[in-house]
Amino acid sequence: MSTASPDSLLLPALSSAKGTVRLPGSKSISNRVLLLSALSQGTTVVRDLLDSDDTRVMLAALRTLGVQWEHLADRDYRVRGVAGRFPTRDADIFVGNAGTAVRPLTAALALQGGDYRLSGVPRMHERPIGDLIDGLRQVGAQIDYLGNPGYPPLHLRGGEIDIAEPIRVRGDVSSQFLTALLMALPLVQTASGKIVIEVVGELISKPYIEITLNLLRRFGIEVEQDGWSRFILPAGRVCTPPAEIHVEGDASSASYFLAAGAIGGGPVRVEGVGHASIQGDIRFIEALNQMGANVMAGENWVEVRGVEDPSGRLRAIDLDCNHIPDAAMTLAVAALFADGTTTLRNIASWRVKETDRLAAMATELRKIGAGVEEGPDYLRVTPPVTWQEARSGIDTYDDHRMAMCFSLAAFGPLPVRINEPGCVGKTFPEYFDVFRSIARPAGT
Ligand SMILES: O=C(O)C1=C[C@@H](OP(=O)(O)O)[C@@H](O)[C@H](O)C1
Ligand SMILES: C=C(OP(=O)(O)O)C(=O)O
């Protein structure tokens with residue numbers, strides 16, 4: 001049904017969506033579990049790890065750092081922990097465009113006392129990391145910027161680590177800075193046996209901190225929390241791994257299929273996430289519900305059907321999306337099928353991710369005829385009066401979510417050409433095959 005070429009993929013106009021999808025593993029859980037297993041004292045079997053660009057850079061980094069891991073079968077791995085100290089003391093580490101690799105590895109390596117250089121793809125060198133570096137410098141880490149101040153590439157040169165006072169870190173650009181400190185700092189000894197982190201500014205993307213705290217607990221590290229502004233960690237502690245840990249399906253990846261069910265009638269069922277999920281993006285189903293879709297969920301699955309209303313149109317919504325920054329992109333494209341103007345608020349962090357997602361989303365939605373208002377931290381989308389075929393295709397800006405989101409536009413009356421579709425490899429290399437398995441072209 002689709003014609004692939006190296007630089008674009010043509011999706012025909014689609015009439016309906018129906019089927020079941022077994023989700024790939026969560027990116028956020030996979031990379032946290034890999035790093036925590038590597039730092040542990042003991043061996044962890046990791047089941048259903050995500051296999052994508054972001055996890056490959058993490059696995060390669062760990063191997064370079066002297067961590068022994070082996071691929072068992074399917075998506076299962078065994079990781080032998082290094083009890084807090086990486087055997088390799090001098091290394092160049094490539095982090096691609098994985099925020100879940102660069103931020104946690106920077107914190108873990110800055111406290112090692114070795115000599116490490118971290119770099120990524122050109123866009124990674126435009127993604128901020130200064131707030132994390134400021135936090136690490138407060139405890140004595142020696143870190144130099146090798147390019148622009150505040151951004152990778154970085155040179156971590158060891159330093160005398162001494163924690164006596166609370167460490168302050170900004171939380172309003174990315175929650176990954178706090179996640180990085182929470183995962184790395186427990187390794188450091190302090191006189192009091194505790195470490196305090198204070199968050200400066202409003203913490204964004206809070207559910208990702210919940211994932212971090214949940215997984216730390218699974219690895220034997222209990223963090224005390226005073227709201228979202230103060231965290232107290234045990235000091236001088238090496239993680240104790242669970243013998244085995246299972247990576248649940250990716251809730252952000254689920255959003256495309258669930259939205260397809262809502263737009264294309266359904267039922268579309270995803271397996272691997274449900275009520276029991278520890279990922280904040282599971283709350284995407286609340287947004288779909290608000291839009292009038294029929295949502296059912298069990299512990300480990302979700303099923304979505306279209307609206308009951310004879311018009312078949314979703315309801316437009318006005319939503320603060322700070323808690324679901326990734327799945328919110330799916331709402332921006334689902335908004336094309338709503339009965340009025342949808343407003344997505346509190347999403348300023350979109351500007352510093354794989355691309356400037358606010359600008360990219362506005363530009364590409366306009367190509368197919370939508371009315372779009374792009375604010376500093378919000379997006380307002382009005383469905384097209386007349387759908388247009390984006391003749392030069394939908395540009396994806398090397399952003400996996402741009403490519404995946406815009407596949408949904410093919411449920412409109414016209415075919416959609418997705419440029420550079422290979423960018424889905426960041427988190428979901430098989431995305432278009434799986435999407436094809438649930439989508440039916442018009443006239444078939
Ligand atoms: O910690 C994580 O796993 C993530 C946190 C979020 O980033 P921000 O905290 O920068 O919003 C999210 O967008 C990203 O895809 C994954
Ligand atoms: C923002 C994202 O990725 P990263 O983990 O690189 O921040 C994302 O996957 O949407």
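If you look at the Cα atoms of the range 112-199, you get an Rg and a Dmax of 13.0, 42 Å. Axis of helix 357-367 versus longest Cα principal axis of the chain: the two differ by about 10°, to the nearest ten degrees. Counting only DSSP beta bridges with both residues in the range 288-371, what percent are antiparallel, rounded to the nearest 5? Counting only bridges with both partners in the range 288-371, antiparallel ones make up about 50 percent. Taking the Cα centre of the range 27-231 as reference, the dipole from Cβ charges on Lys and Arg (+1) and Asp and Glu (-1) amounts to some 340 debye.
Computed about the Cα centre, the dipole magnitude for the chain is approximately 400 debye when only Lys and Arg (+1) and Asp and Glu (-1) carry charge, each at its Cβ.
Ranking His275, His323 from most to least accessible surface, computed with a 1.4 Å probe over the protein chains only, gives His275, His323. Annotation: the chain has a Kirkwood hydrodynamic radius of 22.3 angstrom, from the mean reciprocal C-alpha pair distance. Among 101-109, 135-143, sorting by the average number of other beta carbon atoms lying within 10 angstrom of each residue, highest first, gives 101-109, 135-143. The largest-to-smallest principal axis extents of the Cα set in the range 27-231 are 44, 36, 31 Å. Protein heavy-atom surface of the range 265-309, 1.4 angstrom probe: 41% of the accessible area is carbon and sulfur, with nucleic acids and ligands not counted. Both radii come from the Cα set of the range 346-390: Rg as radius of gyration, Rh as Kirkwood radius; their ratio Rg/Rh reads 1.01.
If one computes the Cα centroid of the range 332-356 and of the range 261-285, what distance in Å separates the two points? For the range 332-356 versus the range 261-285, the Cα centre distance is 19 Å.
Annotation: Ser392 carries an accessible surface of approximately 80 Å², with a 1.4 Å probe and no ligand, DNA or RNA atoms counted. Residues Asp53, Asp250 ordered from highest to lowest accessible area at a 1.4 Å probe: Asp53, Asp250. Among residues other than Val67 with Cβ under 12 Å from its Cβ, the summed charge is +3 (Lys and Arg +1, Asp and Glu -1). Over the range 27-231, Cα pairs under 8 Å with separation of 6+ residues give a relative contact order of 17 percent.
Provide Asp172, Asp399 ordered by accessible surface of protein heavy atoms (probe 1.4 Å), highest first.
Descending accessible area places them as Asp172, Asp399.
Keeping every protein chain present and rolling a 1.4 Å probe, give me the accessible area per residue for the chain in Å².
Averaged over the residues of the chain, the accessible area is 37 Å².
Beta bridges from DSSP with both residues in the chain: antiparallel share about 70 percent, rounded to the nearest 5. Summed over qualifying helices (DSSP H, 4 residues or more, each -39500 (n - 2.57)) and divided by its residue number, the chain shows a 222 nm mean residue ellipticity of -8000 deg cm²/dmol.
Working note: Karplus 6.51/-1.76/1.60 with θ = phi - 60° gives the range 216-226 the couplings 4, 4, 4, 9, x, 10, 8, 10, 8, 10, 10 Hz, where Gly and Pro are set to x. Apolar share of the accessible surface for the range 391-433: 49 percent from carbon plus sulfur atoms, 1.4 Å probe.
Between Leu72 and Lys206, the simple label model (points 7 Å from Cα in the Cβ direction) yields a spacing of 3.6 nm.
Counting protein heavy atoms only, the range 27-231 has 43 percent of its accessible area on carbon and sulfur, 1.4 angstrom probe.
Relative to the compact-globule estimate of 2.2 N^0.38 Å, the Cα radius of gyration of the range 240-393 comes out at 1.08.
Under the criterion of Cα pairs below 8 Å and six or more residues apart, the relative contact order for the chain equals 19 percent. Beta bridges assigned by DSSP with both partners in the range 27-231 are antiparallel in approximately 70 percent of cases.
The values are calculated or read from the model by the stated rules, or taken from the named source; none is laboratory data. Keep in mind the model is a prediction, meaning the values are calculated, not measured. Positions of Cβ are backbone-derived with ideal geometry, glycine not excepted, and every protein chain shown enters the neighbour counts. Accessible surface areas use protein heavy atoms only, side chains included; no ligands, DNA or RNA. Shrake-Rupley method; radii C 1.70, N 1.55, O 1.52, S 1.80 Å.
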